[in-house]
1. What are the residues in region 59-85 that are modelled with pLDDT of 95 or more, at negative phi and open to solvent by 20 Å² or more (accessible area, probe 1.4 Å), if any?
2. When you scan region 136-149, how many residues do you find that are open to solvent by 60 Å² or more (accessible area, probe 1.4 Å) and touching a Gly at 6+ places or on another chain (Cβ under 7 Å)?
3. Among the residues of region 87-130 satisfying the criterion of being among the β-branched types (Val, Ile, Thr) and touching a strand residue (DSSP E or B) at 6+ places or on another chain (Cβ under 7 Å), which is most open to solvent (accessible area, probe 1.4 Å)?
4. Within region 30-50, identify whether any single residue is more than 30 Å from residue 198 (Cα to Cα), β-branched (Val, Ile, Thr), in a loop (DSSP other than H, G, I, E, B) and modelled with pLDDT under 95, and answer yes or no.
5. For a quick check of your reading: which helices (runs of 4 or more DSSP H) sit entirely within region 160-265 and have at least 3 residues that are in contact (Cβ under 8 Å) with a residue 40 or more places away in the chain and hydrophobic (A, V, I, L, M, F, W, C)?
6. Report the residue count in region 196-223 for those that are open to solvent by less than 40 Å² (accessible area, probe 1.4 Å) and among the basic types (Lys, Arg).
7. On the basis of being over 17 Å from residue 260 (Cβ atoms) and either open to solvent by less than 10 Å² (accessible area, probe 1.4 Å) or free of Cβ contacts under 8 Å to residues at least 12 places away in the same chain (or both), does residue 157 make the cut?
8. Would you pick out the residues in region 166-184 that are crowded, with 17+ Cβ neighbours inside 10 Å, farther than 19 Å from residue 73 by Cα and in contact with a Ser or Thr (Cβ under 8 Å, 6 or more places away or on another chain)?
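The values are calculated or read from the model by the stated rules, or taken from the named source; none is laboratory data. None of the values given here were measured: they were computed from a predicted structure. No Cβ is skipped: glycine too gets one built from the backbone with ideal geometry, and neighbour counts run over all protein chains shown. In case anyone asks, the SASA skips ligands and DNA or RNA and just uses the protein heavy atoms, side chains included. Shrake-Rupley method; radii C 1.70, N 1.55, O 1.52, S 1.80 Å.
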Amino acid sequence: MERNGRSLPETVLLSIRGRKMRKAKATPPKRVGGAEMVVASYNVHKCIGTDRNFDPERTARVIREISPDVIALQEADNRFGDRAGLLDLNRLEIETGLVPVPVSGNGKAHGWRGNVLLFKRGTVRDVHQIKLPGLEPRGALVAEIDLDENRTLRVIAAHLGLLRRSRSEQARVVLDIMSSSDERPTLLLGDLNEWRLGNRSALNTLHTTFGPSPPAVPTFPSGLPVLALDRIMGNRHDMVSAVEAHDTPLSRVASDHLPLTAYVHL
């Protein structure tokens, strides 16, 4: 397997070197360069850590470490049965100020097909729950948030499929969402499940709207990240900056994915 022209063993070595050079972020990130928001995407793996323990409180502690203004969670609900939500959202709101974008017709679930979108300030103007094509039950949550009287941010929180063909079809659905004449600032957050880069990527079609995208940052597996499955993209030049994995002792064990964070300039 090759990634950007490098073999997988080479990529592993680069990941090890990179981890040694990075300092673990024990404190919330600070705004830099005029950034107005910290955003994040985090596949919480149903709150089951790499130690195989189910620990929603540990997941919440990772979110508190990040201290985001907006965060998209994947696999935050049970996949089968009553699909109940797994986090204590009331407690999370008290501790972080984050509130969930509301979804409808989902019973005990927190989100839409495991996707939960949390935000700290603003008012939700509109929400769309999109069923994505493919063999697996995948979805996207599209929210329009009025940040203040003059500015609205659209956020697309998505979890794409494991099959390349499905990802290609799902990426086209995302582009259809963006095909309206309304070109408001838009973020795409989520586990896009695409480890291929360059011409082999199923996400190439997204570049027409979200490209050139920030460099892909490895987030999986959390113990030694070599695959850039999680992405944060914006539809405006220089809207997204400083994309990096939230790599701390806690996040390495809380899920099989590291959270991905970025600064957003509006």
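1. 61, 64, 65
2. Total satisfying the criteria: 0.
3. First, pick out the residues of region 87-130 that are among the β-branched types (Val, Ile, Thr): 94, 96, 99, 101, 103, 116, 123-124, 127, 130.
Restricting the remaining residues to those that are touching a strand residue (DSSP E or B) at 6+ places or on another chain (Cβ under 7 Å) gives 99, 101, 103, 116, 123-124, 127, 130.
Values: 99: 37, 101: 4, 103: 41, 116: 4, 123: 89, 124: 42, 127: 40, 130: 43 Å².
Here the residue is 123.
4. Scanning region 30-50 turns up no residue that is more than 30 Å from residue 198 (Cα to Cα), β-branched (Val, Ile, Thr), in a loop (DSSP other than H, G, I, E, B) and modelled with pLDDT under 95.
5. Values: elements: 164-177, 207-210, 249-254.
It comes to 249-254.
6. Qualifying residue count for the region: 0.
7. On the way: over 17 Å from residue 260 (Cβ atoms): no; either open to solvent by less than 10 Å² (accessible area, probe 1.4 Å) or free of Cβ contacts under 8 Å to residues at least 12 places away in the same chain (or both): yes.
No, not satisfied.
8. 168, 178
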